[in-house]
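The values are calculated or read from the model by the stated rules, or taken from the named source; none is laboratory data. Computed from a predicted model, the values in this text were never measured in an experiment. Please note: Cβ atoms are built from the backbone with ideal geometry, for glycine as well, and neighbour counts cover all protein chains shown. The area values use the complete protein model at the heavy-atom level, side chains included, leaving out ligands, DNA and RNA. Shrake-Rupley method; radii C 1.70, N 1.55, O 1.52, S 1.80 Å.
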Amino acid sequence: MNTKAKNDYRTNRKKRQATARKRFLALLAVMTLVLAGCGSSQTAETVAADQTVISTEAAGSMAEESTAGTSKGSEGDSKAEGSADAEAAGTADAEAEGASSGNAGTEKSAEEAAEETAGAKPQESAAEAASAGSSSASAINPADLFSERDLAGTWDDSEAQAITLNGTAASSDASGVTVDGGTVTITAEGVYVISGTLDDGMIIVDADGAKVQLVLNNAAVTSKTSAAIYVKQADKVFVTLAEGSSNSLTNGGTFTAVDENNIDAVIFSKDDITLNGSGSLTINSPAGHGVVSKDELTVTGGTYTITAAKNGLSGKDSIAVSDGTFNITAGADAVHGDNDEDSAKGFVYIGGGTFTISAGDDGIHSSSGLAIVDGTIDIAESYEGLEGLTIDIRGGAVSLTASDDGLNAAGGNDGSGGFGGDMFTVNDNAYISIAGGTIDITASGDGIDSNGNITISGGTVTVSGPDNAGNGALDYNGTASITGGTLIAAGASGMAQNFSAAEGQAAAMISTGTQQAGTAITVKDSAGNVIAEMTAAHAYDSVIVSAPEMKTGDTVTVAAGTYEGQTELTDAVTGGAGGMNGRGGMRGGKGGMNGGKSFGSRGSLPEQDGNSSGTDENGGMHEEKAGKNGKNFGGHGGMKGKRGENAQDGTIPQMPDGTMPEAAVPDSSVQ
């Protein structure tokens, strides 16, 4: 695809998206992801068969790329664009038929998929979607995120060309390769197998409109002052780790400009980049990020050890992971999706893989939507564990430790962590939805914190919440409902919130008196069966529990440290039920005395060592969180505000309306 065609394509795509926006009356707020057996060991066939349901204004189309060869004809260069007429012509029946056939594993062409989804009906409210099930939403095949070539991680040896690194220089017979000292520049489409050691140099891809595959086969590249791999321009670049290979990419501790681009990562790409294969790669970035894509970042395989002063993996338009093993130590976010120019982008999708994370800021951060469908995620250290405008967890195993909030649904861009605005006002765009998986949260701030709503319909959730009165195991500004799954949470009672609604099972908040960290909590039904249990990592005096076995009118027995007592489930929600903006009884919303986290976004003030108090704009006292990474005066904004006015009833949260950014829509037009 030449430059003009590429630019025309992008322009037409933007026009189509703008047309779709005008024709939709509202956008479904929920990024509901349904996985039909899509495990971490995914093949191209199983991924094509599995269906992911994502809230969308119009599904982007994608043609599959060839698993071998590099000619544009075999790679499926042309994408199904879909005209504005096609967008207008789609019907609800076509949409439902597309979802049904997709669930059956029927493969469709990119053109058919575009026609089915481009004219999708305006999305219904979250309550309607929840009651109707996932079939009411537009079904998007995960192949929209992962092409055949992304998933394959292979190459055609007959077309491969060798680049040999020789310490201070390199050599290659390929016509599309030039070597200048330690700088290797690739200017033509093709497959390039790189091996050897480069002591101080870089691999540059400068091939406008071309697909380039770099196969690392026991390659070690160090650039003392820049990126080891720099994608200046291309249609798409694949960095493939050869089977059995061990590779390393390192920056020497400084980044010196080589052109107009602000190169600040060991792998730095201006265009789409995919990491795949089955070998291993070690990335060392003592002064910047590990991997940065200014477009889409896709990972489908390989073993990665990333040590970075800033972010580990960073994608501007999106980050999509289907598999891989990741050991990430980052000074900022371990996984970071952030786009301050387009609120529909910057989303993060985890469909598999194993993550071991230690982060100075967030474990996984998205400026829009964060979706976890499968995989194992262990966040040993973070400021906030998972953060995004929206958080959807549909499967997998998540274990995290956070010095502030465990899960945080807020809104905006990262700016080293914070989402701006009055964070105690209901944000109709923000939500946390848990429908499956196991989630184990240890948090010194709020355990699960949403500036909008919380919905739990499945999975097993344990929360060791805060031992300070300024935070709660659950914290929400809209509503919190549970209709399935098991949750047990322990924390301080000062700002504790119970669910505001429960359906199909009961929820209860129990005051246990002060209990010490490390004590076991066991909840039994009236027959003596254990229905929920955990060991609290922090001291606590309040326990929240809900499980499918708990029904209104039943009695449960709670043993927690020195406390043991019975609680009669007199209502669907017993004890400290929502109201006054979700808070129970006289406590009302955050604000007033011990009002919790103070003004603004995580901000610009220097780091402080402790808590201080002052007076908020509504006359009450507030508590400032101890600074970390310069983020005091924040994390969650000013006074809770308008206490009582934002209380919402019912079992289903009020979800985003038509102003919701298209957080989950993959911009997969350039593949």
### Summed residue charge, Cβ within 9 Å of Asp554's Cβ, Lys/Arg positive, Asp/Glu negative
-2
### Task
Would you mind pulling out the separation of the Cα centroids of region 219-237 and region 443-509, in Å?
45 Å
### Query
What does the charge add up to near Thr519, with Lys and Arg as +1, Asp and Glu as -1, over the other residues with Cβ less than 13 Å from its Cβ?
-4
### Task
Assuming 1.306 mPa s and 10 °C, estimate D for region 317-415 with Stokes-Einstein, Rh taken as the Kirkwood radius over Cα pairs, in µm²/s.
124 µm²/s
### Query
How would you order 293-305, 530-542 from highest to lowest mean count of nearby Cβ atoms within 10 Å?
293-305, 530-542
### Query
Within a Cβ distance under 11 Å of Ala330, other residues only, what is the Lys/Arg minus Asp/Glu net charge?
-3
### Summary
Any residue on another chain or 5+ positions along whose placed amide H is under 5 Å from the amide H of Asn327 is listed here as Tyr304, Thr305, Ile306, Thr356
### Query
What percentage of the solvent-accessible surface of region 272-368, computed with a 1.4 Å probe over protein heavy atoms, is contributed by carbon and sulfur atoms?
42 percent
### Summary
The extension gain from Asp180 to Thr570, computed as 0.36 nm times the residue separation minus the Cα-Cα distance, is 132.6 nm
## Note on the structure
Quick calc: nm separation of the 7 Å Cα→Cβ label points for Asp342 and Thr254 -> 3.6 nm
### Cα-Cα P(r), region 371-410, percent of pairs per 5 Å interval
7, 24, 30, 28, 11
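Carbon and sulfur: what percent of region 456-568's accessible surface (1.4 Å probe)?
Roughly 43 percent of what the probe reaches on region 456-568 is carbon or sulfur.
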